[in-house]
Amino acid sequence: MATLSFNPTRIRTPSFKYYNHIPTTSRSPSTILPCTNIPSIYNRNPSKLRRFRPYSVSESSVSIQKEEGVLDDVEGGGEEEDDPTAELSYLDPETDVESISEWELDFCSRPILDVRGKKVWELLVCDNSLSLQYTKYFPNNVINSITLKDAIVNISQELGVPLPEKIRFFRSQMQTIITKACKELGITSIPSKRCLSLLLWLEERYETVYMRHPGFQKGSKPLLALDNPFPMELPENLFGERWAFVQLPYSAIREEVSSLETNFVFGAGLDLDLLGIEIDDKTLIPGLAVASSRAKPLAAWMNGLEVCSIEADTARACLILSVGISTRYVYATYKKSPVTTSEAEAWEAAKKACGGLHFLAIQEDLDSEDCVGFWLLLDLPPPPV
């Protein structure tokens with residue numbers, strides 16, 4: 001079974017050279033997605049879904065590129081061990097600074113105590129390609145929007161980059177502070193769990209920095225845990241008309257992601273190089289296809305939601321759509337039976353086998369070869385801090 005392996009060569013540390021197809025019903029749009037029956041995915045005719053192929057667990061596999069750790073690269077090289085108390089201010093010299101228009105930001109306490117016995121806070125900022133990386137520690141008595149606003153300006157000035165157009169963040173508890181600081185600087189703040197680079201960087205820093213810090217508190221629970229609320233009813237404008245569990249070979253996934261820009265398709269991709277994942281072009285990636293006669297308006301609405309992931313909830317016999325930071329919707333329901341439960345479990349198993357990788361496709365018809373919306377998604381565990 002595949003597990004994600006973060007690509008350490010993308011991270012800078014202070015010591016390394018610097019720091020189906022469910023048939024539609026005749027009811028109103030508010031009841032179209034929920035269904036009464038699901039045909040077996042194992043028997044679905046591939047020609048009916050064309051490029052989306054019926055799912056089979058045995059066909060799905062992912063090999064993970066096991067990068068050697070950065071510490072291994074310098075072992076025996078005579079360089080001093082990195083200082084976990086050091087701060088980082090890095091900009092890739094080959095990067096066009098004008099291209100960095102979006103930042104990912106976390107401003108939260110760490111499992112580290114200062115000399116006063118109080119938890120240290122840290123500002124962590126990067127862009128999605130990790131071309132920009134910045135860290136700074138703060139005492140807990142200066143945590144406010146003014147401190148954050150000044151820090152954002154300082155990053156821009158210190159690294160010589162323009163203020164970003166957008167800043168994404170994933171902690172709902174910090175929304176007021178982050179939103180206020182961004183608003184005063186004319187920056188759009190976006191609550192979103194699609195802070196993939198930031199989340200993986202936090203996981204990496206927990207092991208390589210925080211655990212080695214002299215003030216580290218083992219067993220300390222996160223001060224601002226991520227929310228996982230009960231799913232709500234789906235807004236009417238987000239309903240489709242038909243849906244199906246599907247799969248695409250990875251080669252087709254790459255084509256769909258590239259078409260987001262070339263064909264002006266709604267949606268979002270992921271930086272798989274950042275994950276250190278190597279996927280064979282024939283590897284099948286599980287997904288969900290949604291068809292609607294109003295596919296373009298539906299995709300446009302979805303595009304503004306920061307789509308995070310889709311989960312098959314077998315206990316409730318439904319699909320859960322996660323968007324933004326903590327919003328969860330009942331995206332579709334189905335009649336619970338051994339067959340439908342088995343299908344949903346198989347789809348979840350496929351995601352797990354692919355390290356959590358899956359997708360959402362919106363089409364005008366399930367038989368169509370074109371998508372008007374495509375989102376590559378990833379289930380990630382919550383960060384350890």
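Values quoted throughout were computed directly from the atomic coordinates according to the rules given, and no laboratory measurement underlies them. The shown structure was predicted, so the numbers you read here are calculated from the model rather than taken from an experiment. Glycine also receives a Cβ, built like all others from the backbone with ideal geometry; neighbour counts cover every protein chain displayed.
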Could you give the dipole magnitude of region 89-212 about its Cα centre, charging the beta-carbon of Lys and Arg +1 and that of Asp and Glu -1, in debye to the nearest 20? 800 debye
Cα-Cα over 27 Å: which of Lys193/Lys221; Lys166/Lys221; Lys282/Lys351; Lys136/Lys193; Lys193/Lys352? Lys166/Lys221
Peptides ranked, highest mean first, by Cβ atoms within 10 Å: ranges 163-175, 107-119: 163-175, 107-119
Could you sort 310-323, 336-349 so that the peptide with the highest average Cβ count within 10 Å comes first and the rest follow in order? 310-323, 336-349
Percent of all alpha-carbon pairs of region 89-212 at distances over 26 Å, whole number, is 15 percent
